[in-house]
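Beneath this line is the structure, given in structure tokens, with notes to follow.
The values are calculated or read from the model by the stated rules, or taken from the named source; none is laboratory data. Worth saying up front: this structure is predicted, and the values here are computed from it rather than measured. A quick note on method: Cβ atoms are made from the backbone with ideal geometry, for glycine too, and the neighbour counts reach across all protein chains shown.
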Amino acid sequence: MDVDIVCIGFGPATAGFLATLEKTDLESAACPGMPLQVICYERADDVGFGVSGVVTRARGIRATLPDLNPAEIPMATPVTEERLVYLLDPLGASRRSRVLKAGDRLLRTLGLPREFGVELPYVPPFLRKHDGLVMSLGQFMQFVGGRLMASGKVQIWPGMPVEKALIEEGCVRGIRLVDQGVDPGMDIRAALTVVGDGPVGAVGRQLDQEFKMPEGHHHREWALGMKMVVDLPPGMELQPGAVFHTFGYPEPEIFGFLYVHPEQVATVGIFVPSWFRSPMRTSYRYLQHFMQHPYLWRYLRGGKLRSWGAKSLQESGRRGEPFLAGDGYARIGEGSGSTNVLTGSGVDEAWTTGAQLAEGVVELLQAGKPLSGTNLEQAYVARRRSSWVEEEGRIAEKARDGFHHGILRGLCGMALSGFTKGNLVIGGEPKPTQSLPDYYQGKLSPEEVDRITGACRAQGLASHDALMDRCGWPAIPYDGQLLVSHQDALLMGGKVQAPDGFADHVRFLDRNICEKCAGQLCIEMCSGQALTPNGGVPAGVPAFDREKCIHCGACQWNCEQGNLVFQAGAGGLHSSEN
Ligand SMILES: Cc1cc2nc3c(=O)[nH]c(=O)nc-3n(C[C@H](O)[C@H](O)[C@H](O)COP(=O)(O)OP(=O)(O)OC[C@H]3O[C@@H](n4cnc5c(N)ncnc54)[C@H](O)[C@@H]3O)c2cc1C
Ligand code: SF4
Ligand code: SF4
């Protein structure tokens, strides 16, 4: 099939692109006499099911949609209150350095903590979202997607993963859909392919491999964001629009958040970053301990899980920027390096890069110019370079390097970069994940770690629960409402399906490498318990259950050996609330 423009993924980046393009009337070159033929393929089962995001200043969104009224969007409301809270460890189970422990003692001596939390007197300006919105990105995407489809100018097709870009002689000519019983999948040829497939997109990675990255650019920093949307208990005093950012617990390296929507609904979640060097960096168990922290539990106790989800974040920001345009293609959104790790903001940046591309494309088409790499550089990349996305992205570029030396230097580095506009930074290079014996040194002997992991693997279980239990983390008091088992969360919080006719989208390249892999971090980090030990000795290739995969992409960046490929696939969470 021939169209004018084909888009990969319907996240905020593509939404910004389409919402800007939709304002114009252009004639199709693929079907002369017809309006511009624009089609977007989305992997997830419906619009808004593959995205995540909550609080945004919405500067770019409001510029494209000046009539935006949060009252018309379910779960959206203006930000009313912001708190930055340091969470102490009420259990003594987290792994804290001596300096941090001494700091905690001092805070206690001064009587500053309230419910084991210390509210900082001030939210630094670079973190503030005071003029923004709390919303559900899924609901927002459904709102925008509905408007776009109703315009008749754009088609959005969910449930249609794109396998790859069609590249001929260095030029992108369109895309191939994943085989769904037609082998190979259908080809869609287009003058412009818009790649907005997010942080772990298969097509983005294909282009990175084909065209390489600009010198010095890399994808080294990641995080896994996991969250729950919760019905708050009746009578809860939190006001809609309240925004809490937290740090310090359940491990010092894990950041958390709680945002309040209208109608007694909140979103609560954590980010587990790649610089947290634990070989057991699981998210689900940590999220349950995070929710039970006394500072948060007084609001959440008695609440009920509505939906749950997880997704990777590409945290290299501007240093993860690939070539933004070439002959026949352009990159937008998080996969193009737009996410800002200093301000903790990705939605508005992604949207804005999409809008910038659309403005450039309209300019070129109206001037009758081809969508070549050179023209897209002038019309799109130049716009982006002179915008706030670029300016703020540069400030943020090295803001988090200090975290490679630990949490305290990391926090100081962020403050330094934020207050000096990126002129002063604390440097640091990523280090590999620690080995199990190293990580548990002082808490468990290497023999005990071996015994526990061996017993878990023989039963086909990940080891993090048993190791955390042994290190003093209490069992989760499941209540069947908010504190539910990981398996129940899959059923209650999102319902996962993997349609027939698709091949497995997680693949292991070399069985021998998995057999020699001591930590099997892909299993420990897996957000959906979709990867499990196969029970053999030696450990062998993990078992993959497509029904449970929620497409978070964390297995891809948690295989430090590069032995796992996360391809485009259908299925995942069925929730448009995330
Ligand atoms: C838990 C969590 C909380 C967050 N909270 C915030 C927040 O509060 N504020 C904020 O500003 N940012 C937040 N972010 C970051 C924000 O979600 C991202 O920066 C933003 O969504 C990036 O937009 P995007 O359009 O580039 O990519 P995405 O939102 O990732 O969208 C990409 C889309 O492409 C689809 N796709 C991928 N591959 C294919 C394929 N092969 N074929 C077809 N479709 C494909 C995906 O399903 C997805 O729908 C959060 C992220 C997480 C994980
Ligand atoms: S995929 Fe990677 S992390 Fe997982 S077992 Fe194999 S080598 Fe280890
Ligand atoms: S197997 Fe699926 S759920 Fe598990 S880490 Fe990989 S993408 Fe996420």
Point to revise | Every pair of residues 6+ apart whose Cβ atoms lie under 6 Å, when the first sits in the stretch 328-345 and is near ligand 1 (Cβ under 7 Å from one of its atoms) while the second is modelled with pLDDT under 95 and among the polar types (S, T, N, Q) | key: none
Exercise for review: Select from the stretch 358-404 the residues that are among the charged types (D, E, K, R) and touching a residue at least 24 places away in the same chain (Cβ under 8 Å) and list them in ascending order.
Suggested key: 359, 377, 383, 384, 390, 392, 394, 397, 398, 400, 401
Check your understanding: Of 172, 194, 123, which residue is among the β-branched types (Val, Ile, Thr), more than 29 Å from residue 49 (Cβ to Cβ) and not in a helix (DSSP H, G or I)?
Key -> 123
Check your understanding: From the set of residues in the stretch 23-70 that are away from ligand 1 (no atom under 16 Å from the Cβ) and in a strand (DSSP E or B), which is farthest from residue 309 (Cα to Cα)?
Key -> 27
Revision key, fill the gap. Apart from one, (1) within 28 Å of residue 246 (Cβ to Cβ); (2) among the charged types (D, E, K, R); (3) over 22 Å from the mean Cα position of the chain (by Cα) all hold for residue 398; the odd one out is (3)
Review point. Mind checking whether some residue in the stretch 514-526 is more than 9 Å from ligand 2 (Cβ to nearest atom) and of a type in the set (Lys, Arg)?
Key: no
Study note, to complete from the structure: Expected single match for small (Gly, Ala, Ser), in a helix (DSSP H, G or I) and farther than 25 Å from residue 364 by Cβ among 159, 181, 204, 146 is 146
Practice item. Among the residues of the stretch 539-556, write down those that are out of contact with any Lys or Arg (no Cβ under 9 Å at 6 or more places or on another chain) and either near ligand 3 (Cβ under 6 Å from one of its atoms) or closer than 22 Å to residue 276 by Cα (or both). Key: 549, 555
Review point. Hey, residue 517 hits all of (1) surrounded by fewer than 17 Cβ atoms within 10 Å (Cβ to Cβ); (2) assigned to a loop (DSSP other than H, G, I, E, B) but one; which does it fall short on?
Key: (1)
Review point. From the list 47, 99, which one is in contact with a Pro (Cβ under 7 Å, 6 or more places away or on another chain), more than 16 Å from ligand 3 (Cβ to nearest atom) and touching a residue at least 24 places away in the same chain (Cβ under 8 Å)?
Key: 47
Revision key, fill the gap. With criteria (1) surrounded by fewer than 23 Cβ atoms within 10 Å (Cβ to Cβ); (2) polar (S, T, N, Q); (3) closer than 22 Å to residue 224 by Cα, residue 558 comes up short on (1)
Review point. Got at least one residue in the stretch 527-541 being more than 9 Å from ligand 2 (Cβ to nearest atom), under 30 Å from residue 185 (Cβ atoms), among the hydrophobic types (A, V, I, L, M, F, W, C) and within 26 Å of the chain's Cα centre (by Cα)?
Key: yes
Point to revise | Output for the stretch 207-237, where each listed residue is of a type in the set (D, E, K, R), assigned to a helix (DSSP H, G or I) and in contact with a strand residue (DSSP E or B) (Cβ under 7 Å, 6 or more places away or on another chain) | key: 210
Check your understanding: Here are some conditions: (1) over 30 Å from residue 202 (Cβ atoms); (2) in contact (Cβ under 8 Å) with a residue 12 or more places away in the chain. Residue 455 meets all but one. Which one does it not meet?
Key -> (2)
